[in-house]
Structures are given as C-alpha cells and as structure tokens.
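The values are calculated or read from the model by the stated rules, or taken from the named source; none is laboratory data. Remember, predicted model here, so these are calculated numbers, not experimental data. Please note: Cβ atoms are built from the backbone with ideal geometry, for glycine as well, and neighbour counts cover all protein chains shown. With ligands, DNA and RNA removed, areas are computed over all heavy atoms of the protein, side chains included. Shrake-Rupley method; radii C 1.70, N 1.55, O 1.52, S 1.80 Å.
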Amino acid sequence: MNKIFRLTVLAAGILAGVACTACKKSPAATATKAGMYFGVAIQPGDILDENKAKLIVQNFNAIVPENTMKMINIRPTKTLWNFSDMDKMVDFAQKNKMMVRGHTFIWHQQNSTIVNQIRNREDAFALIGENINQIMTRYRGKIACYDVANEIFNEDGTFRKSIWYKWCGTDLYEEAFRMARAADSDAKLFLNDYSHEEAGTPKAEAFYEFVKSMVEKGVPIDGVGFQLHLCTDYGINEERLRENIRRFADLGLEVQFTEIDIRMKMPGSEADVAIQKEMYETLMRILKDEPNVNTYMTWGYTDATSWVPATFHGYGDAHLFDKDLKAKPVFGSLVELMKNK
Ligand code: 9MR
C-alpha cells in the first residue's frame, strides 16, 4: 500500500512538474520532483498580495487554509454560506498545480453561533453532515484531503469535553468520516491533533488506541495529522516520534505533518536558531525515511503574520521566512534535503 501511495504521489508530481515549466528550479518544483508535498497555511490576503502570492507559488506545492474553511468563516449563519475566499484559494491552487488540504469540520474552536442552537444529538449530526456535504461536493477533485476532526483529546488522554462530545460522545467523530467518504470518495480523510506526536504520552496513547479502534471497526480513515507546533526549549524526541509514525504505518495509515512551526524564546539566541534548524531538518529527514510520511505542511510562512506570539507570550520567530519575507538559512537546507530525497 505504501508503495502504491508513493507511486501515485510520484506520478502526480511528474505531471505537475511538466506543467510548471516556468518554475523548474524553484523549491516548489524541487518538492514536486521529490514526489512530496511541501506546503503552507495561508490567509485570503496572501493570494491578493502579488509578492506574497509569488513567494507561496515559488516555494510550496501545497496549501491549507489557516482559517478560511473553519465553520465561523465558511458558514457564519445557518443559511449563509461564504464560499468566496475558499473558492479563490482553491482556484489559486489549481492554477498553480498545488495540493490543497481541507481544515477542518469538527473542532471546539472557531465554530459559528449556529452551534448554540443545537438541542440534541440529531442536531449535531445534521449540522456537521450539512457542512461536510456542502464543502466536499463543491470542492470534489480539488481538495485532496481533509482534517475531518481536529484536537478531540485532552493532554491526559481523555476526550475533550467539546460541544460535539457533549451531545454525541465519540459517535459523531466516526460518523463524520463515513459522511465524508460518501461526499467525496477520492479525498483522504484525517484525524488531526497536537502534542500527541511522540509515543508514550497519555495523549499519544489515547489517540493511537482510538484510531486503531476506528480502523478495526472499518471507519474510513486514511491517515493522521501530526501538527508539530514545536519549541526549541523542548526539542524533538526523534525515536519516540518515529515509533509513533511506524505504528500508524502498521495500521495501514499515512501520517501527514500538518502544521509545523518551531518557536523560540525572544529574542532568539544563536543557539536557539541552530536548534530550530536542526529540528526542521530532523522532520524532513524523518519524512525521507518513513514511507508513510510524504507531506510537510508549515503553519504560516512568515514571522510577520504569525499566530505564535499572541498565543505563546514572549515566543516567536517560528517560521521559515522572517518578518521581511526573507528565507531563513533553514529554508535552504530543507530544499537541499528535498533534492536528495
Ligand atoms: O492559526 C490559526 C489562528 O489564526 C486562529 O486565530 C486560531 C484560532 O484558535 O487557530 C489557529 O490555527 C490552529 C489550527 O486551526 C489548529 N491547530 C492549532 C492552530 C494554532 O492555534
């Protein structure tokens, strides 16, 4: 299965590479030639700004909407569907032969106020079902994979007591995958989370056990998302990360790196910058070695518009491009690693 997956990606990559003759030597083309996805989370404004759009197209061959597909934006009220920003992103990706990840249907944040009208389990199923059907049929053939559910666990391995869990327990999570498969049978379906990447923590174990039970029950899940919002203070336990990736491979599942960023305490020291570079590279090396990992998405590209400082006070400089949109040395080394993939 891994081999078939590799060949499919490679074939798609070769086709995209042929079409993109204008940018043959770009990092984006390097990723495509390597048969992998090297992507970035973007905002609607990124593709309206000529310089930013150019930077994205030249350097990445995949995108994910950072906020645009979340319920609060795409369906602000029960009857109002706001597809215009998402349409523009999908068109942008199609025009530039980029893969699109869809993010996300079930989450405890950035829901619209419609969720306050949920009175019972049926309402919750109906609402999520409508969202899945509307979005996945609209973008059928254009969005390659979706985070069907996001961040459903607490750090201690218990299920997060979100509005969805409150009404439906875990039934909605599983049913959402079935609904998504029915809406677009070609899209790959993922369960995404953070701080569960290294085997051995309560969250990692609970996440793994739940996914394993889904596979055993025949719930149509194709893979799991490792967000990888990391910090130079803690580093990466590479052995534990690989161990986790491999047990998902044993279940026949793909692992995608979905939201990579590596923050440091500000102002960053030379040592922090070196650690950050090493961490970004380690993730790329893991992707190269592990056959069920082929997607390296970064959560934003520039320190100028990062979500990090607002959430982790005193931390920043987490991305591959600085505040002036200049590529950091680590970016060049990632491209070199992709060349030798
Ligand atoms: O980057 C996103 C930021 O702009 C939003 O304000 C925030 C709302 O919580 O969500 C951020 O994206 C999150 C992603 O959707 C899920 N994983 C964690 C990301 C960073 O918080």
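Here are the numbers for the structure shown:
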read-out	value
GLY157 being open to solvent by less than 40 Å² (accessible area, probe 1.4 Å), out of contact with any strand residue (DSSP E or B) (no Cβ under 8 Å at 6 or more places or on another chain) and in a loop (DSSP other than H, G, I, E, B)	yes
Filtered residues of segment 196-239 (kept if more than 16 Å from the ligand (Cβ to nearest atom), assigned to a strand (DSSP E or B) and out of contact with any helix residue (DSSP H, G or I) (no Cβ under 8 Å at 6 or more places or on another chain))	none
Residue within segment 160-171 that is closer than 19 Å to ASN111 by Cβ and polar (S, T, N, Q) present	yes
Filter result for the condition that a residue is buried (at least 16 other Cβ atoms within 10 Å of the Cβ) and either within 16 Å of the ligand (Cβ to nearest atom) or over 30 Å from THR298 (Cβ atoms) (or both), over ASN73, ASN116	ASN73
Residues satisfying the stated conditions in segment 240-275, i.e. aliphatic (A, V, I, L, M) and assigned to a helix (DSSP H, G or I)	LEU241, ILE245, ALA249, ALA271, VAL273, ALA274, ILE275
Failed condition for PHE257, given (1) open to solvent by less than 10 Å² (accessible area, probe 1.4 Å); (2) within 25 Å of ASP324 (Cα to Cα); (3) within 16 Å of the ligand (Cβ to nearest atom); (4) without any contact (Cβ under 8 Å) to a residue 60 or more places away in the chain	(2)
Qualifying positions in segment 304-341 - in contact with a strand residue (DSSP E or B) (Cβ under 6 Å, 6 or more places away or on another chain), assigned to a helix (DSSP H, G or I) and more than 18 Å from PHE226 (Cα to Cα)	PRO309
Set LEU189, LEU172: member being open to solvent by less than 10 Å² (accessible area, probe 1.4 Å), closer than 19 Å to THR258 by Cα and of a type in the set (A, V, I, L, M, F, W, C)	LEU189
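Results for (1) open to solvent by less than 70 Å² (accessible area, probe 1.4 Å); (2) within 16 Å of the ligand (Cβ to nearest atom); (3) within 22 Å of SER84 (Cβ to Cβ), shown as yes or no for each residue.
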{"residue": "HIS103", "(1), (2), (3)": "yes, yes, yes"}
{"residue": "GLN110", "(1), (2), (3)": "yes, yes, yes"}
{"residue": "ALA124", "(1), (2), (3)": "yes, no, no"}
{"residue": "MET136", "(1), (2), (3)": "yes, no, yes"}
{"residue": "ARG140", "(1), (2), (3)": "no, no, yes"}
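Results for (1) part of a loop (DSSP other than H, G, I, E, B); (2) more than 28 Å from SER26 (Cα to Cα); (3) free of Cβ contacts under 8 Å to residues at least 12 places away in the same chain, shown as yes or no for each residue.
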| position | (1), (2), (3) |
| --- | --- |
| THR68 | yes, no, no |
| ASN73 | no, yes, no |
| ASP85 | no, no, no |
| PHE92 | no, no, no |
| PHE105 | no, yes, no |
| HIS108 | yes, yes, no |
| ASN116 | no, yes, yes |
